[in-house]
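Take a look at the structure set out below.
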Amino acid sequence: NAGVTQTPKFRVLKTGQSMTLLCAQDMNHEYMYWYRQDPGMGLRLIHYSVGEGTTAKGEVPDGYNVSRLKKQNFLLGLESAAPSQTSVYFCASSYWTSGDTGELFFGEGSRLTVL
Amino acid sequence: LAKTTQPISMDSYEGQEVNITCSHNNIATNDYITWYQQFPSQGPRFIIQGYKTKVTNEVASLFIPADRKSSTLSLPRVSLSDTAVYYCLVGDSGPAGNKLTFGGGTRVLVKP
């Protein structure tokens with residue numbers, strides 16, 4: 001049981017390049033989330049999904065796109081990377097219950113540097 | 001959207017009890033309160049969750065007053081390994097589902 005797996009774990013991009021971060025979970029969770037965390041700061045929600053085929057915007061969605069074509073995968077895309085997107089990206093998943101905030105299970109993070 | 005406010009940091013010593021209070025004035029009727037712990041270079045991990053009154057597990061206690069506008073995480077007899085950032089999280093069960101946003105967290109430093 002791997003839990004939440006993020007790939008890649010490290011990546012260096014040049015300004016303007018594109019890339020996709022993959023998050024995979026094997027817990028059959030409905031909800032999946034992408035967060036970013038800048039040095040010394042808290043986590044900020046980028047996008048999230050409440051089920052296969054659905055996505056919704058979080059606090060800081062600009063410059064990112066997401067897709068949830070399969071229940072177990074949640075992809076985060078950067079179409080034209082900017083230095084301001086240098087950060088550590090965390091994916092999380094949880095089961096859904098009404099009102100009750102299901103426990104979030106986090107991946108190990110993906111460290112992205114944009115030069 | 002329920003927002004949370006926590007102290008930025010607090011120091012303690014080994015063996016002491018640490019209490020971290022989180023303010024969430026706009027908590028919704030059905031929202032639960034959850035606390036997470038994060039070590040450097042790791043994703044946060046679940047500590048405890050509650051709705052009202054008191055919840056206790058093997059690592060912490062959570063105290064929630066009747067008005068639910070705040071909550072207090074209590075870590076008994078901390079050790080050096082409890083040095084971490086602690087986040088209070090309140091679920092926002094809006095039309096788009098559970099939009100879970102973190103606050104700034106509280107950086108706890110446990111000294112020998």
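Miscellaneous remarks
- Selected residue (criterion: surrounded by the most Cβ atoms within 10 Å (Cβ to Cβ)) from residues of the range B:19-35 that are polar (S, T, N, Q), within 13 Å of chain A (Cβ to nearest Cβ) and in contact (Cβ under 8 Å) with a residue 12 or more places away in the chain: B:THR34
- Flag if A:SER93 is surrounded by 16 or more Cβ atoms within 10 Å (Cβ to Cβ), of a type outside the set (Asp, Glu) and modelled with pLDDT of 95 or more: no
- Criterion: within 14 Å of chain A (Cβ to nearest Cβ) and either open to solvent by 70 Å² or more (accessible area, probe 1.4 Å) or acidic (Asp, Glu) (or both) - qualifying residue of B:GLN42, B:GLN49, B:GLN16, B:GLN38: B:GLN42
- Exclusive hit being part of a strand (DSSP E or B), open to solvent by 40 Å² or more (accessible area, probe 1.4 Å) and without any contact (Cβ under 8 Å) to a residue 60 or more places away in the chain, set A:LEU75, A:LEU69, A:LEU45: A:LEU75
- Flag for B:LEU89 being more than 13 Å from chain A (Cβ to nearest Cβ), in contact (Cβ under 8 Å) with a residue 40 or more places away in the chain and of a type outside the set (Ser, Thr, Tyr): no
- Screening the range B:92-112 for residues that are part of a strand (DSSP E or B), at pLDDT 80 or above and open to solvent by 30 Å² or more (accessible area, probe 1.4 Å) and picking the one that is farthest from the other protein chains (Cβ to nearest Cβ) gives B:LYS111.
- Looking at A:GLU79, A:GLU30, just one residue is at pLDDT below 95 and closer than 27 Å to B:LYS3 by Cα, and that residue is A:GLU30.
- Residue that is away from chain A (no Cβ under 14 Å), modelled with pLDDT of 95 or more and closer than 18 Å to A:GLY40 by Cβ, where the choices are B:THR72, B:THR83: B:THR83
- Any chance A:LYS9 is surrounded by fewer than 18 Cβ atoms within 10 Å (Cβ to Cβ), within 14 Å of the chain's Cα centre (by Cα) and not β-branched (Val, Ile, Thr): yes
The values are calculated or read from the model by the stated rules, or taken from the named source; none is laboratory data. Quick caveat: nothing in here was measured; it's all calculated off a predicted structure. Methodologically, a virtual Cβ is constructed for each residue, glycine included, from the backbone with ideal geometry; neighbour enumeration extends over all protein chains shown. Note: areas computed on protein heavy atoms with side chains; ligands, DNA, RNA excluded. Shrake-Rupley method; radii C 1.70, N 1.55, O 1.52, S 1.80 Å.
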